[in-house]
Amino acid sequence: MVAALPALVASLPAADGTFPWLSLIVLLPSVAALLMPLLPGDGDDPRLPRTVALTALGIDFALMLWVFSHHFDGSSSALQLVERFSWVPALGLEWSLASDGLSAPLVVLSGLVTLLAAAASWNVARKTRLYFALLLLQASAQALVFLSQDFLLFFLAWELELVPVYLLIAIWGGPQRQYAATKFILYTATASLLILISGLALALSGDHFSLNLTELASRSPGGSFGLLCYLGFLIGFGVKLPMFPLHTWLPDAHGEANAPVSMLLAGVLLKMGGYALLRFNVQMLPGAHQQLAPALVVLGIVNIVYGALNAFAQDNVKRRIACSSVSHMGFVLLGIGAVDALGLSGAMLQMISHGLIAAAMFFVTGVFYERTKTLSIPNMGGLAKVLPVTFAFFLASSLASLALPGMSGFVSEITVFLGITANDAFTIGFRVITVVLAAIGVVLTPVYLLSLCRRVFFGPRIPALAVLGDMKPREALIGLSLLLPTLVIGFWPRIAIDLYEASTTALANNLPAQAALALGRIPALG
């Protein structure tokens, strides 16, 4: 059935009579993955599998850019490029794809990060056909997560993307890879049960059974049922975000995964959690979201401060950056909990910004790991003298991560702050406390990142480090491809905001006004 799907999709027009571009975007990497076992030569020879993967992902990313620049209108919050036909009628499963402002920028982000992760896998020299096939399957699964408009299709894609990541960590990871991969799959698979139960409960809640996301959003159940579904989604998607205290799989996964897989984890997979919270919790359950928005703000604050403090305790470079990701994704929770258009806009921008910055940091970490063969901070020092270009890229990534003005991290975080402070739904006391606590995390970020730069790149050089040479042109191009967009967005944020602003505004306008006003009368809020 899966093998016949590309031909079936290609034979049918989209719902509006146009070519099914989204299906092509989703299926192209999978078709290339199916070709991997048929390639001639040694399974450990990386040249041909790498060429096929880079070609397929390059074409797919170029197709994304072309489709969303020529066939997508960012000023509209309506679903666009709609494709829909029955796939498995007995189950009510439809191949239903569409894009709006919530999905379009994240699809492009996933295409860019995956292409660069494949390029960063240049030196993978073991089971290369399987490795690149898994990267290609992951590319299809993550695009399908963002574009699905049928709950069961969304859930299948959500589950499908777990398998390649598990195998990529378990086969090509570090010494503790089996532990990290098992912990990853246990956390995420258990969370998926809550997602499935909540989604099916919504599908059964109306006059008739429906898996269509648009119809599910129109039902907007309230009361205890709505709250229970909301909590199920929140926990299920919060694992992937990651949300405290469901985050503990992330440092282990990053610590053992190779750099390209860490780029995917930080650049794409965490964004699936934020996207799903917007799509399901905010869009489908606006009443429950209004009631639990203060809890999301509190959880966001905990993420920000706890992640920053935990980063100080890490003596492994990748684990420190992973804890930094926990902190920065707290701003996504904070923006979603702000219950206004500005906060939701900040959450979207933070997902885009963090996807680029975190991918860049993990990539550069992989560059100097290949030279030094260590990620232990106490065992490094003086690398700026022998790896000046690598140091420049790592410092630029760190400055972007600590929200230096002129880079995307500053714009996204300040937008979240403005969304909280400008929202009259919360009392003044609650807003002040929120901003002060979040600011603590902002202040801690440059401390743990710049101290990391100092310890790794300055001080006495350790002679045992086998440094073989600085960044190659290919590696510098990958780094520039991730950092240049952070500068462009930092100086011209409208290039990203224009893609999603109509959709986040529509989400905010759909929130019940009376419930928002009631928040200001809750004594616990100050």
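The values are calculated or read from the model by the stated rules, or taken from the named source; none is laboratory data. Keep in mind it's a predicted model, so treat the numbers as computed, not measured. Counting neighbours? That spans all protein chains shown, and the Cβs are built from the backbone with ideal geometry, glycine included. When the accessible area is computed, the model is the full protein with side chains, heavy atoms only, and any ligands, DNA or RNA have been set aside. Shrake-Rupley method; radii C 1.70, N 1.55, O 1.52, S 1.80 Å.
Applying the set (1) out of contact with any His (no Cβ under 6 Å at 6 or more places or on another chain); (2) crowded, with 24+ Cβ neighbours inside 10 Å; (3) over 17 Å from residue 350 (Cβ atoms) to residue 220 leaves exactly one unmet item: (2). Taking every residue in segment 56-85 that is among the charged types (D, E, K, R) and pairing it with any residue that is open to solvent by less than 20 Å² (accessible area, probe 1.4 Å) and in a helix (DSSP H, G or I), at least 6 positions away or on another chain, the pairs with Cβ-Cβ distances below 7 Å are 60/25; 60/29; 60/111; 60/139; 83/22; 83/23. Of the residues making up segment 379-414, those that are touching a Lys or Arg at 6+ places or on another chain (Cβ under 6 Å) and crowded, with 24+ Cβ neighbours inside 10 Å number 0.
Rundown of residues vs (1) over 24 Å from the mean Cα position of the chain (by Cα); (2) modelled with pLDDT under 85; (3) part of a loop (DSSP other than H, G, I, E, B), yes/no style:
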| residue | (1), (2), (3) |
| --- | --- |
| 13 | yes, yes, yes |
| 17 | yes, yes, yes |
| 23 | no, no, no |
| 51 | yes, no, no |
| 54 | no, no, no |
| 61 | no, no, no |
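A single entry from 375, 349, 334 fulfils the requirement of being over 28 Å from residue 234 (Cα atoms) and in contact (Cβ under 8 Å) with a residue 40 or more places away in the chain: 375.
A single entry from 432, 364, 339 fulfils the requirement of being within 19 Å of the chain's Cα centre (by Cα) and hydrophobic (A, V, I, L, M, F, W, C): 364.
The set of residues in segment 118-130 being in a helix (DSSP H, G or I), open to solvent by 30 Å² or more (accessible area, probe 1.4 Å) and not hydrophobic (A, V, I, L, M, F, W, C) consists of 129 alone. Can you find a residue that is open to solvent by 50 Å² or more (accessible area, probe 1.4 Å), closer than 23 Å to residue 319 by Cα and at pLDDT 90 or above anywhere in segment 444-451? Yes, segment 444-451 contains a residue that is open to solvent by 50 Å² or more (accessible area, probe 1.4 Å), closer than 23 Å to residue 319 by Cα and at pLDDT 90 or above. If you go through segment 370-418 and keep only what is more than 19 Å from residue 473 (Cβ to Cβ), hydroxyl-bearing (Ser, Thr, Tyr) and more than 20 Å from the chain's Cα centre (by Cα), you end up with 372, 374, 376.
For (1) open to solvent by less than 20 Å² (accessible area, probe 1.4 Å); (2) among the charged types (D, E, K, R); (3) under 19 Å from residue 155 (Cα atoms), each residue gets a yes or a no:
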site	(1), (2), (3)
45	no, yes, no
60	yes, yes, no
65	no, no, no
75	no, no, no
87	no, no, yes
109	yes, no, no
116	yes, no, no
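The set of residues in segment 456-493 that are within 17 Å of residue 390 (Cβ to Cβ), open to solvent by 70 Å² or more (accessible area, probe 1.4 Å) and modelled with pLDDT under 90 comprises 458, 461, 468.
From 194, 137, 227, 202, which residue is closer than 30 Å to residue 64 by Cα, out of contact with any strand residue (DSSP E or B) (no Cβ under 7 Å at 6 or more places or on another chain), in contact (Cβ under 8 Å) with a residue 40 or more places away in the chain and assigned to a helix (DSSP H, G or I)? Going through 194, 137, 227, 202 in turn, just one is closer than 30 Å to residue 64 by Cα, out of contact with any strand residue (DSSP E or B) (no Cβ under 7 Å at 6 or more places or on another chain), in contact (Cβ under 8 Å) with a residue 40 or more places away in the chain and assigned to a helix (DSSP H, G or I): 137. The residues in segment 89-107 that are closer than 16 Å to residue 150 by Cα and either open to solvent by 50 Å² or more (accessible area, probe 1.4 Å) or assigned to a helix (DSSP H, G or I) (or both) can be counted, and the count is 3.
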